[in-house]
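Remarks on the structure that follows.
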Amino acid sequence: MKRRVLVCAAHPDDEVLGCGGAMARHVSDGDHVAVVIFAEGFTSRQASRDRGAATEELGLLRRSAMTANEILGVTDVALYDFPDNRMDSMDMLDVVKAVEFHVERVRPDTVYAHSATDVNIDHRTLHEAVIAATRPMPGNQIKHLLFFEVPSSTEWQTPGSAPSFLPNWYVDVTGTLDLKLKALQAYDSEMRCWPHPRSIRNVEYLARVRGATVGVEAAEAFMLGRAIYRQEEVS
């Protein structure tokens, strides 16, 4: 049976940075992958939020998101315009309901989302919303809830300020790492030059290190939030 996958990302590029290799692998396996990007991106770089003055930049990010996901083979992409790096100013219920809408729409058995370990406030806000929206009530079909790392946010957290990112779930992306790196090139406006952690070179290095950790050429690392094996699957 093919899997149904939902990826919840705060900003355009987070989905590829966090699990682009896994996404491409799911697609190659014939799984349905849906990506939802919640915050608009860019306006946090302004002195004060002004979407009207950022029309060109926001349009570029939207086009970049569509192109990057197309490279990975993902065609089910939804983008919201939640305020960039200001999602903590929103009512949490509104964020939860947006996630719940896509959980109901996609009916995923696997969900990828941000971890609670990141510096970025939008990442942490969305993490909490996903936890609420995927609680294991009767009828919930989610089997695996996985939290990814995002270079330039996860590793920048300081000890004691938040939980540490301690991966215990790895996906072999040896065959799809090139697609992930190509997809990140579509996010040229968001990528940085080496030795910035959000550089193409560092993303590849991180994948190689994560792979070597588990004996493969390249991998993406996750924290398992929840795994549910139902009676009919283990009997």
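Quick notes on this structure:
- Near pairs, Cβ below 6 angstrom, 6+ apart or cross-chain, from the range 91-103 (within 13 Å of His127 (Cα to Cα)) to any residue that is surrounded by fewer than 16 Cβ atoms within 10 Å (Cβ to Cβ) and among the hydrophobic types (A, V, I, L, M, F, W, C): Val96/Ala132
- Condition met for Ala24 (surrounded by 16 or more Cβ atoms within 10 Å (Cβ to Cβ), out of contact with any helix residue (DSSP H, G or I) (no Cβ under 7 Å at 6 or more places or on another chain) and among the aliphatic types (A, V, I, L, M)): no
- Comparison of Arg198, Arg210, Arg226 shows that the only residue that is in contact (Cβ under 8 Å) with a residue 40 or more places away in the chain and part of a strand (DSSP E or B) is Arg226.
- Cross-chain or 6+ apart pairs with Cβ under 8 Å, the range 174-190 first and within 30 Å of Thr43 (Cα to Cα), then among the basic types (Lys, Arg) and in a loop (DSSP other than H, G, I, E, B): Glu190/Arg198
- Residue under evaluation Gly175, criteria (1) closer than 26 Å to Met87 by Cα; (2) in a loop (DSSP other than H, G, I, E, B); (3) touching a helix residue (DSSP H, G or I) at 6+ places or on another chain (Cβ under 9 Å), criterion not met: (1)
- For Arg105, the conditions (1) within 17 Å of the chain's Cα centre (by Cα); (2) surrounded by fewer than 23 Cβ atoms within 10 Å (Cβ to Cβ); (3) farther than 19 Å from His11 by Cα all hold with the exception of (1).
- In the set (1) over 16 Å from the mean Cα position of the chain (by Cα); (2) farther than 13 Å from Leu126 by Cα; (3) not hydroxyl-bearing (Ser, Thr, Tyr), Leu72 fails one condition alone, (1).
- Within the range 22-50, residues that are under 17 Å from Leu79 (Cα atoms) and assigned to a loop (DSSP other than H, G, I, E, B) sit with their Cβ atoms under 6 Å from residues that are of a type in the set (D, E, K, R) and at pLDDT 75 or above, at 6+ positions apart or across chains, in these pairs: Glu40/Asp81; Glu40/Asp84; Gly41/Asp84; Phe42/Glu57.
The values are calculated or read from the model by the stated rules, or taken from the named source; none is laboratory data. Because the structure is a prediction, the values reported are computed rather than measured. Every residue, glycine as well, gets a Cβ built from its backbone with ideal geometry; the counts of neighbours run over all protein chains shown.
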